[in-house]
Structures are given as structure tokens and as C-alpha cells.
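In what follows, a structure is listed as C-alpha cells, so that the remarks can point back to it.
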Amino acid sequence: MPEEMLIEQMECVYQKPHTLTDDYMHYCPGCGHAVAHKILMEVVDEMGIQEDIIGVAPVGCSVFAYNYMNIDMQEAAHGRASAVATGIKRVRPDKYVFSYQGDGDLAAIGTAETIHSINRGENILIVFINNGIYGMTGGQMAPTSLFGQKTSTSPYGRDVEHNGYPLKITELIAHLPGAYYVTRQAVHSPNTVRKFKKALKNAFEYQKLNKGTCFIEVVSNCPSGWKMTPKETLTYIEEKMLPEYPLGDIKVPAHNNN
Amino acid sequence: METQKSEIRLMKGNEALAEAAIRAGLDAYFGYPITPQSEVLEYLTLEIPKRRGIVLQAESEVASINMIYGAAGAGARVMTSSSSPGMSLMQEGISYIAAAELPCLLVNVVRGGPGLGTIQPSQGDYFQATKGGGHGDYRLIVLAPSSVQEMCDFVFEGFKLAEKYRNPTLILSDGALGQMMEKVEFPEDGSLPHQIPAWATTGKKGRERNFITSLHMEPEKMEEINLHLQRKYKEIEENEVRYETFETDDAEVVLVAFGLPARICQKTVELARAKGIKAGLVRPITLFPFPKKIISDLSKKIDHFLVVELNAGQMVEDVMLAANGNCPVHFKGRMGGMLVQPEEVLEEIEKIIEHSMTLNAGQE
């Protein structure tokens, strides 16, 4: 029996989202970006908003996000994605707008833009991938690197007296009145992926309400930067990252009293 | 509700520019306060809510220019303005905007520098404005107004050029032009129609996706993008040069000045002519593209150029390049927020003539 006929007879139970392009992803094997991209586009598919959404890619490993997401996108300067997203949303208020940013982009060079966009309550979604390292530039220390974490610019381990503390930007921005929905998720297991997907759906539903910024942190990994096998990074996330960055909702609309 | 038809008003340069932007169909303005241009943001935050468009005070000039990037990329007609230190902060974003070929209008109400400098007028940002300013090979289209009327007119001209060439246009003003009041006649509201361009990110309804980027990892592709930009700048140089001349037909000494000093130098020409000195004036209106040809043509028939600027000598380099050694190019500048006086320019002309007569006498 020819292969095509065999495939026809099988029931399709899961497939790549239509809104993800067929481009070969440049991400390292085991990298959380690939999962996060796929789930994000799956939600765009399921909500039927491919023609009504504009995304902003950062500078960092996900600088080429626009190659994989078959939607209108803009590539921002390093740290400025939420300012670019502000510009887009202000002139296209009827569209869904999101930025997708890493920890160096969002919580180091772009801290001012992050805080002020959220403080203005821009009706955008910010997806924040936190893997505690600069992946694209070769594994340097990030604002979110853990205590004692060895990177190419903290070769003896992150020393808080010298380098300061892991920046919990998500807890910080949750205090801002402009933040409508703030949650910390992950993508390293089937269970966390399901929860991340639900958070994305919530965020896009909330964006329709025009009540403020939705912010989803994704605690992720960096096999190359952490110098681990993909499987080892899963254990590291559970044992090292999650105690510092615990998963769950930090601010949900019910608590906003509106 | 005020009338929005063509009308004459007495206004500050900054306010005239802001009013002109609304009449030119501005969709969105993003900016940050800085002296001496804050009236632009103030005027727009007062007027736009009553009329049309978006105005937003950003947390910094860095944020402003990146909001401009986003909104221009989404197909809106957008503008930001600042003064020298703020423009320095914007340079990275301007480079991205030029590279991604996004049309927008930028305004620099220049103050004296370097550093925090002063809030008084200057032309110290000529190099930054005309030679790129940020990183990489790019150019802005640069318009230099010399009156409050031109602070209005060049807004319309600036949007037209920016959209025609998909390139940022910069109005290079100064602290005096921004603050001084003059009579200004406004065009009618809505006289500059605007359509959302096909390349804009507006949601991929009924078409392939649009994406805006300046990142091209393959050197062949990046060179191709660079060559495309350079061809565009060449086309702009061929088609968009603007300048004015005054009394140059029989002139022996020709002043070259842009912006407010050009008006001061016009007075100098009158004073010189009254004393029997054949002086003239070239006033570049577009600083990029620079009016090379008129400078080159004149250089073959006059005795001297005298370039007058409110800086240490910046445009003078472009005049020297265009004159190409055909005649001497002299320079008179004031800095730090000081304006040049017609009489001191006249003294400079007299010195130049006297000095060259001494030289000629020595050779005989």
C-alpha cells in the first residue's frame, strides 16, 4: 500500500500549527524557544487570530522569531521591543500585539521600556523567556543568572557582592497598576506546556478587554550556554531555577478589583 | 473649535511646527521633554485630543524613537522631536529606521554642545544630521528652515519626502527658530492625504505576512541591502537638492549659510553692497542632499567663499569638497549658543579682501 494512502487512513491527533512556518529553526537541540514558539502559534491558530496579530521580536536568541511565525512582525533593537509594541498598538488598537523577549533584552538593557510600557498599561502581551543567560552572544551572565552560576563572564560563579542579585523582574512589575495579568510558567514538561498554553489564551482574551499589560514569564533552559545535555537542563530547571523563580500566577484579574 | 482652513497666525517656531504636523495628517507623535523644543510636545498634548491622532510622552528619547519605529512600521504617519542631547540618544533607533526604510519625520531643535551644553541656538549637530549620526552607512534627508513659516512648510515637505523615498527626514532647526515668534500661514487641514502602505505590519489579512527588520546574516544579502540604500541616496541627491541664492550673479565673495545665519548673512550682503563690495549668498535648504553643483559652479567664477555657521566649522567641509580648490573657502563661526552678527560677518569679508590684496601686492 502506498505511503500516502496509509497516512490517509490514520487519524490526525496532533500536528504542527499552521501559523508556524516550515523554516528550519536555528535553535540548539533541546532549547525551550522552539517549544514556546510552537505553543504561541498553536494558540494563534486555535483562536483564529493569525490575520489580526502583530508580533515584535527582540535581539537575542529569538531575534529570528519572525522567520518561524507566519504573522506580521517587526524586529526591534535590543531591549526596545515593548516600546516598539507600544508604537504598533497605539496606532493599531484593534490588533493583538505581543513582544517576545529574553532576559538580557527585557530585564537588563530594556528595563526602562519594560517598566514604563507596563506602567502605562499598554494593552499588549509580553512573553518573557528567562533562561538566566545570554545565549546568542555565547553564554554570558544575565540579570537573572542564579547565585553562584558560572557563565563566560562570571567564570568563578555569580557573586552577589560584585554582580548584584538575580533580578525578579516579574515580581517587580506585578506591583504596577498597569499590569493586568502576570504569571510565571515553564515549557520543560508536558504539564508545564499545557499551563503555558492556557496562560497565553488567557492573555489574548484579556487583551480584548483593554485593561492593561499581560506578562508571561517562561522559565526556560539553555543547553549550550549552561553546558549541559538537554535532559540535564530539565533537572537543573526543577532543582535550581524553580526554587528561585517559582511557577504560578503572580497577579490575576480577580485580584485587580475591577 | 478653531477654523482649520488656511489661515495666518503669529506663533513660535516650535508651535508652528506642531500645528503644521496636525494639519499634515499626523497619526502619532512620541516624544520626551527637552529645552528648547518642549513646546512641540506641549502643543500636541493640548491640541491632538481635540482633533485627531495619538500623542504620547515617552519615558525617554530612546523609547520615543523605538515607538516611532513600531508605529511607522505599522503604516502610520509619525513624528518625533527633540534637541541635541536627546537626538544623540535616538541615534541607534534612527539607524534601525533608516535600515528598515521606515518613513518618519524627525525634528532637532539644536542647542549648543557638546555635553549638556546650553539651551541656546547652535548648528553643532550638522555632522550628526548629514553624515549619518548613528552606526552604519545611511543618510537622512535633512531640511534646514530659516523662518517660522518654514518650520511649518517643511513639515509637509518632510512627510512627502519621507514617504516618497521610505526614508526618515530630519528638520534641522535651532533654539532661536524654535522659540522666536513670526507670522505663519498654514495650509488647510487634511491637504496631505496618506494611505497605509502595502508593506506595513497591519495584520496579514488577505496577503503574505509582512515583516520589518534590518538583520541580514548573509554578507551577500547585507551588501545588496547596502547597495540598494546607496542607490536610493543617489536618487535623492539627483532629484531633491534645494537651495536659494541672493545677489550671486556678479558676486566676488559668496557667503554660504543655512538656517537662521542665512537670514543674518542676507543683511551682511546688503551692508556689503552698500559699501561697494560685491557680496552674495547661497543658502542650502537641503543639507542632505547638499547643493554641491551651485557651489562648484560658483567656485569657478568667484574670488572667495565665506561659510558662516553656529559651530566650529562643519558645513564648511562640504563647501570645500564642492569647491574642490577652485577658490579659497573661509570660515566664520560662533559657538556655545552665541549668534553671529551681520556686522561681524562684514568685518570678516573686509579682512579677507584686505588680506588677499596684500598677498597680490606682494606678488607684483
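Of the residues screened, residue A:33 is one that is assigned to a helix (DSSP H, G or I), in contact with a Cys (Cβ under 7 Å, 6 or more places away or on another chain), more than 18 Å from residue A:209 (Cα to Cα) and more than 7 Å from chain B (Cβ to nearest Cβ). Can we say residue B:235 is loosely packed, with under 15 Cβ neighbours inside 10 Å, in contact (Cβ under 8 Å) with a residue 24 or more places away in the chain and part of a helix (DSSP H, G or I)? When the stated conditions are applied, residue B:235 passes them. The strands (runs of 3 or more DSSP E) located wholly in the range B:7-81 that include 2 or more residues which are at the interface with chain A (Cβ under 10 Å from one of its Cβ atoms) and under 22 Å from the mean Cα position of the chain (by Cα) occupy B:28-31. The test for being crowded, with 16+ Cβ neighbours inside 10 Å, more than 22 Å from residue B:331 (Cβ to Cβ), more than 14 Å from every other protein chain (Cβ to nearest Cβ) and under 20 Å from the mean Cα position of the chain (by Cα) holds for residue B:178.
Any chance the range A:249-256 includes a residue that's without any contact (Cβ under 8 Å) to a residue 24 or more places away in the chain and surrounded by fewer than 23 Cβ atoms within 10 Å (Cβ to Cβ)? Lay out the reasoning, then the answer.
Kept after step one, since they are without any contact (Cβ under 8 Å) to a residue 24 or more places away in the chain, are these residues of the range A:249-256: A:254-255.
Right, trim to surrounded by fewer than 23 Cβ atoms within 10 Å (Cβ to Cβ) and you get A:254-255.
Yes; the residues of the range A:249-256 include at least one that is without any contact (Cβ under 8 Å) to a residue 24 or more places away in the chain and surrounded by fewer than 23 Cβ atoms within 10 Å (Cβ to Cβ).
Apart from one condition, residue B:166 fits all of (1) at positive phi; (2) within 14 Å of chain A (Cβ to nearest Cβ); (3) modelled with pLDDT of 95 or more; the exception is (2).
Filtered by the rule that a residue be touching a Phe, Trp or Tyr at 6+ places or on another chain (Cβ under 9 Å), of a type in the set (A, V, I, L, M, F, W, C) and within 21 Å of residue B:245 (Cα to Cα), the range B:134-157 gives B:141, B:142, B:143, B:144.
If you go through the range B:282-329 one residue at a time, how many are at negative phi and assigned to a loop (DSSP other than H, G, I, E, B)?
Initial filter on the range B:282-329 (at negative phi): B:282-312, B:314-323, B:326-329.
From what's left, assigned to a loop (DSSP other than H, G, I, E, B): B:285, B:289-291, B:300-303, B:310-312, B:314, B:326-328.
Qualifying residue count for the region: 15.
In this structure, does residue B:64 turn out to be modelled with pLDDT of 95 or more, surrounded by fewer than 24 Cβ atoms within 10 Å (Cβ to Cβ) and of a type in the set (Ser, Thr, Tyr)? Before you say what the answer is, go through the steps one by one.
Values: modelled with pLDDT of 95 or more: yes; surrounded by fewer than 24 Cβ atoms within 10 Å (Cβ to Cβ): no; of a type in the set (Ser, Thr, Tyr): yes.
For residue B:64, the condition - modelled with pLDDT of 95 or more, surrounded by fewer than 24 Cβ atoms within 10 Å (Cβ to Cβ) and of a type in the set (Ser, Thr, Tyr) - is not met.
If you go through the range A:48-104 and keep only what is aromatic (Phe, Trp, Tyr), crowded, with 24+ Cβ neighbours inside 10 Å and either within 7 Å of another protein chain (Cβ to nearest Cβ) or assigned to a helix (DSSP H, G or I) (or both), you end up with A:66, A:68. In the range B:325-347, the count of residues that are under 27 Å from residue B:167 (Cα atoms) and without any contact (Cβ under 8 Å) to a residue 12 or more places away in the chain is zero.
Among the strands (runs of 3 or more DSSP E) lying completely within the range A:140-258, list those that include at least 3 residues that are under 28 Å from residue A:26 (Cβ atoms) and touching a Gly at 6+ places or on another chain (Cβ under 9 Å). Write out each step before concluding.
Numbers: elements: A:179-186, A:213-219, A:248-251.
In the range A:140-258, A:179-186 are the strands (runs of 3 or more DSSP E) which contain 3 or more residues that are under 28 Å from residue A:26 (Cβ atoms) and touching a Gly at 6+ places or on another chain (Cβ under 9 Å).
Among the residues in the range B:304-317, are any aliphatic (A, V, I, L, M) and over 22 Å from the mean Cα position of the chain (by Cα)? Working first, answer last.
Keep residues of the range B:304-317 that are aliphatic (A, V, I, L, M), which gives B:306-308, B:310, B:312, B:315-316.
Add one more test, that the residue is over 22 Å from the mean Cα position of the chain (by Cα), and what stays is none.
Looking for residues that are aliphatic (A, V, I, L, M) and over 22 Å from the mean Cα position of the chain (by Cα), one finds none in the range B:304-317, hence no.
Checking every residue in the range B:175-182 against the condition of being at pLDDT 95 or above, part of a strand (DSSP E or B) and farther than 22 Å from residue B:93 by Cα gives at least one match. Among the residues of the range B:129-158, those that are assigned to a helix (DSSP H, G or I) and in contact with a helix residue (DSSP H, G or I) (Cβ under 7 Å, 6 or more places away or on another chain) comprise B:148, B:151, B:152, B:155, B:156. Within the range A:107-137, the residues that satisfy the criterion of being of a type outside the set (Val, Ile, Thr), closer than 24 Å to residue A:186 by Cβ and either part of a loop (DSSP other than H, G, I, E, B) or touching a residue at least 60 places away in the same chain (Cβ under 8 Å) (or both) are A:107, A:110, A:117, A:125, A:128, A:130, A:131, A:132, A:134, A:135, A:136.
Within the range B:82-117, the set of residues being surrounded by 24 or more Cβ atoms within 10 Å (Cβ to Cβ) and within 12 Å of chain A (Cβ to nearest Cβ) comprises B:90, B:93, B:94, B:96, B:97, B:102, B:104.
Within the range A:105-117, restricting attention to residues that are away from every other protein chain (no Cβ under 11 Å) and buried (at least 24 other Cβ atoms within 10 Å of the Cβ), the residue that is farthest from residue A:169 (Cα to Cα) is A:105.
The set of residues in the range B:320-352 that are farther than 15 Å from residue B:259 by Cβ and among the β-branched types (Val, Ile, Thr) comprises B:329, B:349, B:352. In the range B:84-98, the residues that are in contact (Cβ under 8 Å) with a residue 24 or more places away in the chain and closer than 18 Å to residue B:169 by Cβ form Cβ pairs under 6 Å with partners that are of a type outside the set (Ser, Thr, Tyr) and in a helix (DSSP H, G or I), at six or more places apart or across chains, as follows: B:86/B:61; B:90/B:61; B:90/B:65; B:93/B:65; B:93/B:66. Evaluated against (1) within 14 Å of chain A (Cβ to nearest Cβ); (2) surrounded by 11 or more Cβ atoms within 10 Å (Cβ to Cβ); (3) not in a helix (DSSP H, G or I), residue B:217 falls short on exactly one condition, (2).
Close Cβ contacts (under 8 Å, 6 or more residues apart or on different chains) running from residues in the range A:151-162 that are touching a residue at least 40 places away in the same chain (Cβ under 8 Å) to residues that are in a strand (DSSP E or B) and surrounded by 14 or more Cβ atoms within 10 Å (Cβ to Cβ) comprise A:151/A:133; A:151/A:134; A:151/A:140; A:151/A:141.
The values are calculated or read from the model by the stated rules, or taken from the named source; none is laboratory data. These numbers come from a predicted model, not from an experiment. Heads up, the Cβs are rebuilt from the backbone with ideal geometry, glycines too, and the neighbour counts pull from every protein chain shown.
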